[in-house]
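Step one of this worksheet: look at the structure below.
The values are calculated or read from the model by the stated rules, or taken from the named source; none is laboratory data. Note that this is a predicted model, so its numbers are computed, not measured. Note that each Cβ is placed from the backbone with ideal geometry, even for glycine, and that neighbours are counted across all protein chains shown.
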Amino acid sequence: MAETNDLHVRVTEFLDKTLIAMGVPLEISIDDTPDGVRFDLSGDGGEILVRRRAETLDALQHIVNTAYRRHLDADRTFVLDYLGYRRGKDAELKQMARFAMEKVKSTGAAQEIGPLNPYARRLVHMTVAEDPNMTSESIGDAFMKTVIISTKR
């Protein structure tokens, strides 16, 4: 537990310094879940993080994961959110994946979602994995890839 707390402190300090340098000193709260460590950001001025489809929030999350993820178990990740923005978008993406799965079941034709960043692809793959008759795979060779959802053969 001491190692976990130390990691939380190091990531929080990094985020705090980075946000101050960006001119948006925000409050940071931590929620350690089985899937990963969630940093919920709140305060005035943080809207800059969610402009342009949250590109800045995504970039900051990517930097945190690149720098610190190796200190987590293999299947866990860091998630950054500002005032519940990501929670809402995650729920929409999961619903979109479920809709695509239903379409695959009714038509028999594979469905594509994307292009998506690694975090979004992981959410889609985890959602598809909830149904033992469905499968998903990422295609593409860039940072943003498309997820193909189909039935298992």
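Does at least one position in region 31-44 carry a residue that is touching a His at 6+ places or on another chain (Cβ under 8 Å), closer than 24 Å to residue 117 by Cα and either surrounded by fewer than 16 Cβ atoms within 10 Å (Cβ to Cβ) or modelled with pLDDT of 95 or more (or both)? There is at least one residue in region 31-44 that is touching a His at 6+ places or on another chain (Cβ under 8 Å), closer than 24 Å to residue 117 by Cα and either surrounded by fewer than 16 Cβ atoms within 10 Å (Cβ to Cβ) or modelled with pLDDT of 95 or more (or both).
I need the full set of residues from region 100-136 which are part of a strand (DSSP E or B) and modelled with pLDDT of 95 or more, in order please. Residues satisfying the conditions are 111, 112, 113, 134, 135, 136.
Being under 24 Å from residue 5 (Cα atoms), out of contact with any Lys or Arg (no Cβ under 7 Å at 6 or more places or on another chain) and acidic (Asp, Glu): is that true of residue 81 here? For residue 81, the condition - under 24 Å from residue 5 (Cα atoms), out of contact with any Lys or Arg (no Cβ under 7 Å at 6 or more places or on another chain) and acidic (Asp, Glu) - is not met. For residues that are assigned to a loop (DSSP other than H, G, I, E, B) and free of Cβ contacts under 8 Å to residues at least 60 places away in the same chain, tally how many sit in region 69-82. Of the residues in region 69-82, 4 are assigned to a loop (DSSP other than H, G, I, E, B) and free of Cβ contacts under 8 Å to residues at least 60 places away in the same chain.
Which one of these is aromatic (Phe, Trp, Tyr), under 17 Å from residue 54 (Cα atoms) and without any contact (Cβ under 8 Å) to a residue 40 or more places away in the chain: 119, 85? Going through 119, 85 in turn, just one is aromatic (Phe, Trp, Tyr), under 17 Å from residue 54 (Cα atoms) and without any contact (Cβ under 8 Å) to a residue 40 or more places away in the chain: 85. Taken as a whole, the structure leaves residue 63 outside the set of residues that are surrounded by 13 or more Cβ atoms within 10 Å (Cβ to Cβ), in contact with a His (Cβ under 8 Å, 6 or more places away or on another chain) and either free of Cβ contacts under 8 Å to residues at least 60 places away in the same chain or hydroxyl-bearing (Ser, Thr, Tyr) (or both). Every test in (1) under 19 Å from residue 16 (Cα atoms); (2) loosely packed, with under 12 Cβ neighbours inside 10 Å; (3) of a type in the set (Lys, Arg) is passed by residue 52 save one, and that test is (1).
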